[in-house]
1. Here is a list of conditions, (1) closer than 18 Å to G59 by Cβ; (2) under 16 Å from the mean Cα position of the chain (by Cα), and I77 meets all of them except one; can you say which number that is?
2. Filter the range 29-55 down to the residues that are part of a strand (DSSP E or B) and among the acidic types (D, E), then identify the one that is surrounded by the most Cβ atoms within 10 Å (Cβ to Cβ).
3. Residues in the range 56-88 that are surrounded by fewer than 16 Cβ atoms within 10 Å (Cβ to Cβ), among the small types (G, A, S) and in contact with a Phe, Trp or Tyr (Cβ under 9 Å, 6 or more places away or on another chain): how many?
4. Filtering the range 80-111 down to residues that are touching a Leu at 6+ places or on another chain (Cβ under 9 Å) and not acidic (D, E), which residue is farthest from N50 (Cα to Cα)?
5. I need the full set of residues from the range 55-71 which are over 24 Å from N6 (Cα atoms) and more than 14 Å from the chain's Cα centre (by Cα), in order please.
6. Residues in the range 9-28 that are surrounded by 12 or more Cβ atoms within 10 Å (Cβ to Cβ) and closer than 28 Å to S112 by Cα: how many?
7. With the requirement that a residue be under 12 Å from the mean Cα position of the chain (by Cα) and more than 24 Å from R127 (Cβ to Cβ), what does the range 21-54 give you?
8. Looking at V74, V115, V128, V102 in this structure, which one is farther than 28 Å from N6 by Cβ and in a strand (DSSP E or B)?
Amino acid sequence: MIADGNVVSLGGTVLLTHQCGVYRNYAFDIEEANGTSINGTYAWTESFSNYSTTVSALGPPAPRTFNFSGSGLVSDIQFLGTTAPTCPGSNDNESFDMSFSVTIGGVTFPISTMVHISHGYFTGTPRVDSTITTP
């Protein structure tokens, strides 16, 4: 939880200043079926489903695609908050499933891992919960 603080990436970059809310950084190692990391140029797409919220101004996130070159490491951040001094309400929260695909050489491969995220304020308590599912 932050109250008039910064949202900071895994690499230490300040992404937003003077924020109030909750966030979590995630790191994913994109691997082949045999367990070796994917190295090279690829596009990583996040898609969102099963969205629910208590905040009428929010809506489901749009799919996002990021281009990478190098190791199979991908970082991501999920944030729910507002610009300070305004803070989210005591029951402002959202939940959703985040699924992934990777595109290499024009071919898209679905990733079997899914992350269910529930974050925000629950009866005044800030919380970020994640459940990772792999079939």
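All of the numbers you see were taken from the coordinates with simple rules; none came from a lab. Computed from a predicted model, the values in this text were never measured in an experiment. Virtual Cβ from ideal backbone geometry, glycine too; neighbours counted across all protein chains shown.
1. (1)
2. For the range 29-55, the residue satisfying everything is E46.
3. The total comes to 4.
4. Residues of the range 80-111 touching a Leu at 6+ places or on another chain (Cβ under 9 Å): 80-81, 83, 88, 92-94.
Right, trim to not acidic (D, E) and you get 80-81, 83, 88, 93.
Working: L80: 17, G81: 20, T83: 27, P88: 22, N93: 14 Å.
Here the residue is T83.
5. S56, N67, F68, S69, G70, S71
6. Number of matching residues: 8.
7. Within the range 21-54, T45 is the sole residue that qualifies.
8. Working: V74 fails: farther than 28 Å from N6 by Cβ; V115 fails: farther than 28 Å from N6 by Cβ; V128 fails: farther than 28 Å from N6 by Cβ.
So the residue among V74, V115, V128, V102 that is farther than 28 Å from N6 by Cβ and in a strand (DSSP E or B) is V102.
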